[in-house]
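Below: the structure, in structure tokens.
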Amino acid sequence: MKIISIYSDEKALIRKAIAGRRDAQRQIYEQYAPRMLSICRQYIRDPHFAEDVMIQGFVKVFIKLDSFRHEGSFEGWIRRIMVREAISSLRKKQFVVFDEEHASFEPSVDPAGESELQAEYIQSCIDALPEGYKMVFVLHVVDGYQHAEIAGMLGISEGTSRSQLFKARQVLQEQLKSYKNQAYGTHRIG
Amino acid sequence: MARTELDKTIRKALGQRTIAPTSDAWERVQAGLPAPRRMFRAVYYTSGVAATIAGILILSFLYFQDSGVGETPESFAGPQQPGQEARTPQQPLADAPLRTEEGSQPGPVERQVATPEPGEIAAGQQAPSRRGPVVDSGMEPKGQTEEPPAADPAEALLIQAKVEEVVARVNAAEREGGQLADAEVEQLLRDARQEILAERSARQQTTVDAMALLSEVETDLDRSFRDQIFEKLKAGYTRVRTAIADRNN
């Protein structure tokens, strides 16, 4: 998708979008939609459902655009809206189950060469996680939220958030380790 | 440490990833948005222009209608003599323009003193002896003959009554103590003129004229004050004359 830059100044672009200019709103959409769909996809396995969430997120972005105070990055502001929309959508559909019964493991050895793993495979590994694990892991590791924030967003305790993260890491390490061993036997990833 | 490396790897891999949405995603976003404000603004703009034009037309109509209403009373004010100027109710009586024979010449004007016609004098009464020309200083009030002709019979009767009253006073004064001074005649005419103007103003105006009321009150106060002065002087003169007579006796 080619982004045609009509407004070079981001503030002017936002101002036009607040005024209801469709061309400015479309430029914002085309500039940030691929990244925001990827963020929604991190939380939601189904790509169509992820796109629906992204669309609802952009609708909220444009409706609440006049509340943006230019105090942080515009992309970060949109990203927060997308994350909250994804979490809200998942919780509405009751996809999120926090597993407290899962046994804890000792951290395994760091598999070498993880930086070479493809994003798609990592995404598939994350998709394979239980929803509770996946949500806490992505919020903390990818989007950088602290456990207190995650607990507030998901309505869980900080201990639960830490526990879910620990378990998610264990599972991912196991999956990536097996994938690495499998990949070295067939082809090299990267 | 291993967890840190895992986090960095995953964060780097997912942080740079982008996924292109489907082609109809923007239309779905657009469908979820409210109507563009520009349409509302255009509607407001058009309505505002229409309302402004309508307002201007209404105000213009009212303005010209009011102007026509303001001119209407003059057209119904009765027959107006050539050269007679219209006097507004707000204009003080003392400043009311009076018609003069010489027009509007500035400064002192030589003119005839108003005197009653012989036919207007009552039987057995004598006409005032002075009919010669006097010099009007311009500050003096105009004579009674300068009053515009009465438009209605009531005013004509009032003027006639005033003329007869002045003539009667002059005749009575001449019978008692000889001839009157010019200033006394002027004072009589001035009083009669003020009373005629006050009466006319009271008849013409349906509303209360503050200046007319003030003028009337000032006239009354002036008259009473003058009478008091005369009384004091008279009493003092009588007392002195009595004292001198007693001393001579």
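Give, as ranges by residue number, the residues of segment A:17-44 whose backbone N falls under 16 Å from the point 7 Å along Cα→Cβ of A:Ser73.
Hits in segment A:17-44 for A:Ser73 at 16 Å: A:31-40.
By the scheme Lys and Arg +1, Asp and Glu -1, what is the net charge of all other residues having a beta-carbon under 11 Å from that of A:Ile150?
Working: positive: A:Arg162; negative: A:Asp143, A:Glu149, A:Glu158.
Around A:Ile150, the surrounding residues sum to -2.
Using a Förster distance of 30 Å, how high is the FRET efficiency between B:Tyr44 and A:His48, based on the Cβ-Cβ distance and rounded to 0.05?
On the way: r = 40 Å, r/R0 = 1.34.
After rounding to 0.05, the efficiency reads 0.15.
By how many nm would the segment from B:Ala245 to B:Ala161 grow when fully extended, if each residue of separation counts as 0.36 nm and the alpha-carbon distance is taken off?
Details: separation 84, 0.36 × 84 = 30.24 nm, distance 4.41 nm.
Full extension from B:Ala245 to B:Ala161 adds 25.8 nm.
Any read-out appearing in this document is the output of simple, stated calculations on the displayed coordinates, not a laboratory observation. Because the structure is a prediction, the values reported are computed rather than measured. As a convention, Cβ positions derive from the backbone with ideal geometry for all residues, glycine included, and neighbour counts pool all protein chains shown.
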